[in-house]
Amino acid sequence: MSPKERGFILDSAPSSGDIAAPRSSLSVTFAVWSALFLREAVARLSATRGAWVLIVLEPVLHVGFMLMVFGALRAHNMINADTAVWLVLGLSSYFTVQNVFQRAMGAIDANRALFAYRQVRPIDTVIVRAGLESLLGLIILVFLLLILGYLGRPIIPDQFLEACAAFFGLILCGLGIGLIISVSNHLVPETGSLLNFLFKPLYFISGAVMPLSIISVKYREWAFWNPLAHGIELLRKSYFPVYHAAPEANFEYLYSFAVVSIFFGLVLQLRFARQLRAQ
């Protein structure tokens with residue numbers, strides 16, 4: 001283990017003549033999260049040369065490509081909203097949630113050496129990775145919106161609190177999924193590849209690149225079993241008062257899924273805590 005990682009120890013022995021003040025479990029937890037967050041941020045942004053550029057470039061390229069497609073199809077009237085802002089909201093929020101649960105899936109295996117310290121638990125690594133990806137996603141979303149605002153596009157949401165609630169609900173759903181699949185991926189490694197394959201269609205059925213209101217009502221109900229569809233539609237609706245959002249989108253389902261998935265994920269983390277710490 002490198003000297004930097006050895007410096008991760010949080011409660012080192014006090015020097016002679018000093019009396020170690022007792023620390024609450026909450027303060028220890030926040031200290032662990034802070035150290036893990038810095039470690040993950042450095043690793044994420046310096047994994048390869050120009051890694052931070054690639055993080056921003058992915059949604060930019062997707063938005064640029066889809067703008068060309070929408071322009072060719074003359075789809076502006078179909079969505080009844082500013083096309084560029086509409087796409088940035090959908091793609092950025094989708095990629096943020098995707099990164100949250102995919103990065104959380106490998107958090108336990110990537111930080112296994114740190115479990116030698118009793119203060120670090122597997123669930124800490126999952127929560128911190130989810131928090132880091134959420135922050136990066138929010139920064140990228142704001143950055144892209146500021147660029148569009150500079151170009152004269154309308155970027156101020158009509159319902160600011162509703163927009164925040166929709167984005168936060170999406171993040172909570174990603175965290176819940178991440179808590180669950182981080183355990184399943186550790187216990188049965190093959191599930192990681194299977195889940196990545198199953199998550200591919202989410203790009204389309206979440207409404208990231210197409211308005212779900214154009215789907216026939218008969219099939220639209222199936223699409224809205226997906227919580228990401230609710231969050232993305234509600235986020236766009238909060239920006240554009242005249243946007244024809246699918247009527248099935250609602251906050252009740254979005255937050256119900258988030259609460260249930262987080263609860264189930266926490267139960268799995270506690271139930272298999274010993275197996276997850278095993279070297």
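General remarks:
- Lys218 at pLDDT below 85, out of contact with any Leu (no Cβ under 9 Å at 6 or more places or on another chain) and either more than 24 Å from Val126 (Cβ to Cβ) or of a type in the set (A, V, I, L, M) (or both): yes
- Looking only at segment 241-255, and only at residues there that are closer than 11 Å to Ala166 by Cβ and aromatic (Phe, Trp, Tyr), the one that is nearest to the chain's Cα centre (by Cα): Tyr255
- Evaluating Ala229 against the criteria (1) among the hydrophobic types (A, V, I, L, M, F, W, C); (2) surrounded by 17 or more Cβ atoms within 10 Å (Cβ to Cβ); (3) not in a helix (DSSP H, G or I) leaves one unmet condition, (3).
- Any chance Asp109 is modelled with pLDDT under 90 and surrounded by fewer than 23 Cβ atoms within 10 Å (Cβ to Cβ): yes
- Unique match (being polar (S, T, N, Q), outside any loop (DSSP other than H, G, I, E, B), exposed (fewer than 13 other Cβ atoms within 10 Å of the Cβ) and at pLDDT below 85) among Ser213, Ser193: Ser193
- Count of segment 128-178 residues which are in a loop (DSSP other than H, G, I, E, B), among the aliphatic types (A, V, I, L, M) and in contact with an Asp or Glu (Cβ under 6 Å, 6 or more places away or on another chain): 0
- Look at (1) within 20 Å of Gln98 (Cβ to Cβ); (2) touching a helix residue (DSSP H, G or I) at 6+ places or on another chain (Cβ under 8 Å); (3) not polar (S, T, N, Q) and you find that Asp158 fails only one, number (1).
- Residue match in segment 76-86 (condition: in a helix (DSSP H, G or I), under 22 Å from Pro227 (Cα atoms) and not hydrophobic (A, V, I, L, M, F, W, C)): no
- Of all residues in segment 235-248, those that are within 21 Å of Tyr219 (Cα to Cα) have Cβ atoms under 7 Å from Cβ atoms of residues that are basic (Lys, Arg) and surrounded by fewer than 19 Cβ atoms within 10 Å (Cβ to Cβ), 6 or more apart or on another chain, in Ala246/Arg220; Glu248/Arg220.
- The set of residues in segment 242-272 being in a helix (DSSP H, G or I) and either of a type in the set (D, E, K, R) or buried (at least 18 other Cβ atoms within 10 Å of the Cβ) (or both) consists of Glu252, Tyr253, Leu254, Tyr255, Phe257, Ala258, Ser261, Ile262, Gly265, Leu268, Gln269, Arg271.
- Within the set Arg49, Arg23, Arg39, the sole residue that is at pLDDT 80 or above and among the basic types (Lys, Arg) turns out to be Arg39.
The values are calculated or read from the model by the stated rules, or taken from the named source; none is laboratory data. The structure presented is a predicted model; accordingly, all values stated were derived computationally and were not measured. Neighbour counts are summed over all protein chains in view; Cβ atoms, including those assigned to glycine, are modelled from backbone coordinates with ideal geometry.
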